[in-house]
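**Q** I'd like to ask some things about the structure below.
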Amino acid sequence: MNASPQSPSRMAWLDQAIGVLRSLIIYRRPGRQRGLQRMYASFVQPGDLVFDIGAHVGDRTLAFAALGARVVALEPQPQLLPWLRRAVRGRPGIAIRREVAGPRPGSAQLQISRRHPTVSSASRPWVRSLRNHNRSFQHVHWDDEITVPMVTLDQLIEEYGTPAFCKIDVEGLEAEVLRGLTHAVPALSFEFVAGALDVTRDCLQQLDALDTYEYNLIPGEQRRYRFAQWQSGAEILNWLEAHGDRLGSGDLYARRPVA
């Protein structure tokens, strides 16, 4: 018997198509690449190596490549991989790997939101926390689960070399990704989300144990730093604890202090 329009398989396909389309509209919109390239130009020079951990549909991978970098892009979601590969087709120096990064080699259970693939996560505690503490996530459903391979940042460094910049956007797994890093890198970014600042606190502690870093933040999908002067880890965390709920989410940037 043919599946009816309301059958689970048909509805799952529709949800997935809507989710991918939403990501393409958000991350491939006109003018976005110019803004990303301007933002990353202070971190990435021609010939540099960059890790894009959580590459999604490849907007930042493309920006790094346009700046002349070699890019190692990790993206575990099977529905996004064809779009990522299509985005970078014909561009040299880009390695795409269907893996998550984490604290040890092995595998992870990826919780997938078909309609909101940007928040698919390999962290069950993060998913539970956001359901309870962040109103903007109350409409999100994680409706599938797959097993994906896991690699550490140390393994990637051993294979490719030390990156000049490492972008980490893995929906609550950021601290676990950093547990797999024992080599300090010059600069990196990682996502923060209101309602899950314990993850951010953990990340800051791990980075401070690796090296001396200074920090700044960019709210949401903006392209401008919040602070004119870069902050210490304690200063940036205090500010997020006081004001992070108003932002919802964004990215923290860490760099070695500029002389």
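Coordinate-derived values only; no laboratory data. The structure presented is a predicted model; accordingly, all values stated were derived computationally and were not measured. Cβ placement follows ideal geometry from the backbone for every residue including glycine, while neighbour counts extend to all protein chains displayed.
**Q** Could you work out how far the C-alpha centroid of the range 37-100 sits from that of the range 204-244, in angstrom?
**A** Taking the Cα centre of each part, the range 37-100 and the range 204-244 sit 24 Å apart.
**Q** Please rank Ser107, Ser120, fewest neighbouring Cβ atoms within 10 Å first, as an exposure proxy.
**A** Ser107, Ser120
**Q** Also, I was wondering about something else. Take Val88, Val193 and order them by how many other Cβ atoms sit within 10 Å, fewest up front.
**A** Val88, Val193
**Q** Say R0 is 45 Å: what FRET efficiency, to the nearest 0.05, do Gln222 and Ser9 get from their beta-carbon distance?
**A** Efficiency at R0 = 45 Å is approximately 0.70.
**Q** Starting with the highest mean, order 236-243, 60-67, 250-257 by the number of other Cβ atoms within 10 Å, averaged over the residues of each peptide.
**A** Ranking, from highest mean packing down: 60-67, 250-257, 236-243.
**Q** Rounded to whole Hz and in sequence order, give me ³J(HN,Hα) for the range 84-92 from the Karplus expression 6.51 cos²θ - 1.76 cosθ + 1.60, θ = phi - 60°, writing x for Gly and Pro.
**A** So the Karplus estimates, Gly and Pro as x, are 5, 5, 5, 5, 9, 4, x, 9, x Hz.
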